[in-house]
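Nothing in this text is a laboratory measurement; each read-out follows from the coordinates by a stated rule. This structure is a prediction, so every number in the text was calculated from the model and none was measured. All Cβ positions, glycine included, derive from the backbone under ideal geometry; neighbour counts span all protein chains shown.
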Amino acid sequence: MSRLPVMTSKRVLTSSSSSSENIQDMAPAQKKLRKDPEPVKPHAAATIIGGKRPVAATRAPISRSARAVGAATVAVGPSRGVLKPSVASAAPKGGNVKQTAAPTGTKPGGGGTKRHAWDLKGKVSDMEGKLRNYQSKVKSVNEENDILKGTMAESKTRVTEMERELKRQQSQISEYEDELHALSGVRDELEKVSSDKSTLQKELSNLEGKYKVMETLRDSQETELQTLTMKLSVLESTLARLQGTLRDTEEEVRSLKETVAEQKDELHAGEMERRRLHNTIQELKASYNVGKRLSTGNIRVFCRVRPLVDGGLSKHIQLPTSDIKTITLAKTEESHVGKTADTQKNYNFSFDRVFGPGASQQEVFEEISLLVQSALDGYNVCCFAYGQTGSGKTYTMEGDEFDKTRGVIPRAVQQIFRAAEKLATQGWEFTFTASFVEIYNETLRDLLYTGKASKRPEHEIRKSANNEVTITNLTYEKVSNEDQVLGLIALANQNRSTAQTAQNDRSSRSHSVFQLDIEGVNAGRDVKCKSTLCLVDLAGSERMLKSQSQGERFKEMTAINGSLSNLGIVISALANKESYVPYRNSKLTYLLQGCLGGNSKTLMFVNIAPESDSFGETLNSLRFASKVNDCVIGTASANRK
Ligand SMILES: Nc1ncnc2c1ncn2[C@@H]1O[C@H](COP(=O)(O)OP(=O)(O)OP(=O)(O)O)[C@@H](O)[C@H]1O
């Protein structure tokens with residue numbers, strides 16, 4: 001809206017700024033007017049000077065008369081003699097001159113009267129008329145000039161005014177321009193604000209959308225909250241009810257705990273009583289022997305008869321069905337003279353138990369399971385199998401791999417670990433250490449050794465200050481379950497079979513000793529116990545005539561006989577309460593010292609072969625076992641603290 005006045009001003013400014021030029025420009029316009037036959041266009045000058053039409057209007061006729069005067073003036077100079085052509089040449093251009101000259105009545109070259117050459121007076125009069133005419137014209141031109149001067153002054157004033165106006169308008173323009181500049185900044189700002197506004201509007205619409213979603217969410221959460229509040233109140237009431245129940249239950253638990261503690265005390269007392277009674281029973285069992293005489297002792301002897309290869313039993317072995325403790329060896333002696341009938345000689349033996357050829361491994365173990373239990377109660381327990389080669393010692397001690405035919409060692413191990421688990425509920429914690437050693441030719445060999453054969457260490461039996469017997473360099477393996485022990489037994493058998501390949505039938509000529517050291521702690525009762533379960537498979541006990549054996553065999557025989565007879569000697573020394581017991585006479589007795597002494601429960605299996613050709617060896621074995629069975633060593637006491 002501010003542009004329009006500015007443009008107008010500019011146009012005005014352009015035309016007026018060169019007012020002097022415009023005035024000069026008027027000259028060509030006037031020249032044109034002279035050529036133009038048409039009347040002068042005074043409005044053109046009027047337009048230039050801002051519509052001062054009255055001035056132009058007055059000027060136009062003046063111009064015409066002035067031109068005529070000019071033409072006449074031009075002609076005045078050379079008037080002598082050349083006036084005619086001059087007037088004549090001026091005639092077609094300005095007919096008005098003629099008209100102006102007409103009142104004089106002396107129109108030279110026109111329709112006027114031509115003076116005679118002599119009519120100088122007339123000519124002077126004409127000239128004077130002309131002069132007067134010219135003078136009046138000059139006067140009117142002067143007047144016109146004065147008017148023009150006034151107009152010029154007026155125009156100058158106007159120009160000055162216009163220049164002032166122009167300056168004012170210029171300053172206004174610069175103001176407008178400043179304003180415009182300021183407004184353009186405002187416009188940019190406005191544009192920015194408008195773009196911000198559209199961004200904000202978008203954001204607003206986004207937020208509105210989100211708000212709606214939130215509102216929906218809030219509504220659903222409020223519903224959920226209401227549901228949860230209801231559930232909470234239900235739960236709170238349930239909780240209050242349960243807390244009441246809990247208080248009652250806690251009360252009940254407290255009284256039950258007291259009862260349990262009392263029962264634990266009773267159980268512990270019961271366990272101790274059980275151990276005492278268990279021990280008494282075994283002592284009583286051991287004290288009753290064939291001779292029906294009561295004695296106190298703790299070596300029990302079981303006899304086991306191996307079945308014949310084709311089953312059944314030899315005639316020379318008699319096992320009365322009514323008595324499970326006796327065995328009779330019957331020998332028929334032919335009459336030398338032939339006159340008398342053959343005589344039969346019976347050898348009767350009585351032991352703690354006699355197992356016939358049909359006795360199963362399970363039956364046999366049941367009889368010794370009480371003894372095994374004693375090992376957990378803190379008693380040293382030793383069980384060894386004695387008998388000639390092939391009489392069933394290994395079968396009795398180790399048995400076969402199948403469940404039914406498993407021997408004493410795996411069954412004893414199973415029982416020990418199961419019993420330890422039960423005792424754990426009464427606060428007992430047990431640690432078990434296993435070792436397996438072979439005595440061959442009075443040399444010790446570690447059956448759990450896994451190193452290089454060439455680096456096999458030598459072993460010595462050592463006795464500590466507290467009378468504990470240990471073997472140097474022997475593998476003592478910590479075990480915590482039955483499977484680990486069975487793995488060790490398998491390793492021992494592997495070691496034995498390796499040695500056996502090198503020397504035929506070596507197992508028959510070596511003693512193998514499996515030992516399980518048991519340590520129990522009942523921290524709650526401050527009770528400890530320590531014992532060793534010792535299970536021994538002795539070498540074959542058959543006697544050989546010295547003359548029949550030579551070299552290595554003789555050496556083996558001497559070693560076996562030596563250790564077995566020393567075993568007998570040690571047992572009788574213990575039975576006779578001799579001051580000196582020759583334990584150190586053989587490796588076997590030295591190793592078993594702890595198990596044979598007064599503080600242990602010992603069981604001996606005497607295994608016999610049923611074949612008639614083994615009669616002699618069977619008799620010897622039964623005699624040896626009988627001697628052992630007669631021994632009264634003394635009562636064992638548990639290793640408890
Ligand atoms: N009570 C039994 N019932 C069935 N078979 C048995 C019985 N006792 C032993 N045998 C079998 O008799 C054979 C010889 O037994 P075993 O090897 O146990 O004798 P051993 O006395 O240990 O001999 P060695 O002194 O040579 O080691 C084995 O095949 C064994 O399975």
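A Förster distance of 56 Å, applied to the separation of the beta-carbon atoms of residue 227 and residue 526, puts the FRET efficiency at 0.45. Would you mind getting me the FRET efficiency between residue 192 and residue 172? Use the beta-carbon distance for r and R0 = 30 Å, nearest 0.05. Result of the calculation: an efficiency of 0.55. Per-residue Cβ neighbour counts within 10 Å put 580, 449, 134, 379 in the sequence 580, 134, 449, 379, beginning with the fewest. Selection among 253, 221, 209 by position relative to the dipole of segment 192-255 gives 209 as farthest towards the positive end (Cβ unit charges, Cα centre).
Charge dipole (Cα centre; +1 on Lys/Arg Cβ, -1 on Asp/Glu Cβ; no other charges) of segment 388-446 amounts to roughly 260 debye. Applying a threshold of 29 Å to the alpha-carbon distances of 114/137; 404/627; 404/601; 325/555 flags 404/627; 325/555 as lying beyond it.
Per residue, the convex hull spanned by the Cα atoms of segment 348-429 amounts to 114 cubic angstrom.
What the Cβ-Cβ distance of residue 478 and residue 330 gives, at R0 = 45 Å and to the nearest 0.05, is a FRET efficiency of 0.30. For the pair residue 310 and residue 215 in one chain, pulling the backbone fully straight at 0.36 nm per residue adds 24.5 nm over the alpha carbon distance. Once backbone amide H atoms are built at 1.01 Å from N, residue 304 has 355, 606, 607, 608 as its partners under 5 Å, excluding neighbours fewer than 5 places away on the same chain.
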